[in-house]
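Shown next, in structure tokens, is the structure this report addresses.
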Amino acid sequence: MKQGLISIIIPSYNEGYNVKLIHESLKKEFKSIHYDYEIFFINDGSVDDTLQQIKDLAAVCSRVKYISFSRNFGKEAAILAGFEHVQGEAVIVMDADLQHPTYLLKDFIKGYEEGYDQVIAQRNRKGDSPVRSLLSSLYYKFINKAVEVDLRDGVGDFRLLSRQAVNALLKLSEGNRFSKGLFCWIGFDQKIVFYENVERKNGTSKWSFSSLFNYGMDGVVSFNHKPLRICFYTGIFILLLSIIYIIATFVKILTNGISVPGYFTIISAVLFLGGVQLLSLGIIGEYIGRIYYETKKRPHYLIKEANIPNKDLPETNELKSVRRLTKMH
């Protein structure tokens, strides 16, 4: 049996009510797991009491570490920050909303001990609305034909990764990170663990339909450039309107006859080709926008405070107090 430290990364955005609940659940689960562990919260610019709840835990539990961003940088940045600062020989990524059941950790660690570098949780769609399930199924069918990696429906960030897999992910330096694709891209031996979908009990989901749509687009073109994406949406909208107009005009011709010869052909061609051109320009713009942002080389996130000893991180008030007392004595 392998022995060592297991690091658990928990990106948290406005999850103040769930922070202590997920901590208690993890602590209970590790009573029967023969590994040392650390719980690494990433406060992603929360505007509720998430950070204070994390600090309260860190004050009484040395296993609780945290990093707090200067603003909301997104879940992808939070996961990356966790990878860059955890110490474990194996790393588990999970959400703070309790929709990722902690009882799966035993299956994760069992797979890790069997030699797998990625032990991946895959949920079913039980509890999701029929529309959401259908859209999700269609999306994965489309994206798996459009990209070079194989993405599974129901598979997200909830997984265990070996230190070798984490180090491989850290070598990928692109500014726009789509973790689902990156996890697949690095490869390594993988094992799937299936579980029943768990509905959220506390708080509300931070993923609206529009944010899920944008995230899905990022999976296809790997970045988001809003002004150019507007061109993309406008192209789709005009294309749909032109198709509706063409159909309506054609039906009118069939019922009432042609009033102006050639009008229907010209206007149909102009509207349809105009929509296609705007759509094409939007797609090209998406890629140009991503190239533009990649060349800026901006950091993925900025840290406001943390409770981990690192010279490159801002000190918390607690660490500053300890430093002052040391100087006085």
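The values are calculated or read from the model by the stated rules, or taken from the named source; none is laboratory data. The structure displayed is predicted, hence computed values, not measured ones. Note that we place each Cβ from the backbone using ideal geometry, even for glycine, and neighbour counts take in every protein chain shown. For the accessible areas, the whole protein counts, side chains as well, though only heavy atoms, and no ligand, DNA or RNA atoms are used. Shrake-Rupley method; radii C 1.70, N 1.55, O 1.52, S 1.80 Å.
Below, the figures for the structure above:
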| quantity | calculated |
| --- | --- |
| Failed condition for GLU38, given (1) under 19 Å from the mean Cα position of the chain (by Cα); (2) open to solvent by less than 40 Å² (accessible area, probe 1.4 Å); (3) more than 13 Å from VAL19 (Cα to Cα) | (1) |
| Within the range 2-20, considering residues that are open to solvent by 20 Å² or more (accessible area, probe 1.4 Å) and under 20 Å from GLY156 (Cβ atoms), the one farthest from the chain's Cα centre (by Cα) | ASN14 |
| Enumeration of residues in the range 105-114 that are surrounded by fewer than 24 Cβ atoms within 10 Å (Cβ to Cβ) and in contact with a helix residue (DSSP H, G or I) (Cβ under 9 Å, 6 or more places away or on another chain) | LYS106 |
| Some residue of the range 70-90 being farther than 13 Å from TYR13 by Cβ, β-branched (Val, Ile, Thr), in contact with a Gly (Cβ under 8 Å, 6 or more places away or on another chain) and open to solvent by less than 20 Å² (accessible area, probe 1.4 Å) | no |
| Flag if ALA59 is open to solvent by 20 Å² or more (accessible area, probe 1.4 Å) and either touching an Asp or Glu at 6+ places or on another chain (Cβ under 9 Å) or among the hydrophobic types (A, V, I, L, M, F, W, C) (or both) | yes |
| Count of the range 247-302 residues which are among the aromatic types (Phe, Trp, Tyr) and either at pLDDT 75 or above or farther than 30 Å from GLU174 by Cβ (or both) | 5 |
| The range 175-212 - residue that is surrounded by 13 or more Cβ atoms within 10 Å (Cβ to Cβ) and aromatic (Phe, Trp, Tyr) and, of those, modelled with the lowest pLDDT | PHE178 |
| Residues located in the range 268-285, provided they are under 19 Å from PHE250 (Cα atoms) and either open to solvent by 60 Å² or more (accessible area, probe 1.4 Å) or of a type in the set (A, V, I, L, M, F, W, C) (or both) | ALA269, VAL270, LEU271, PHE272, LEU273 |
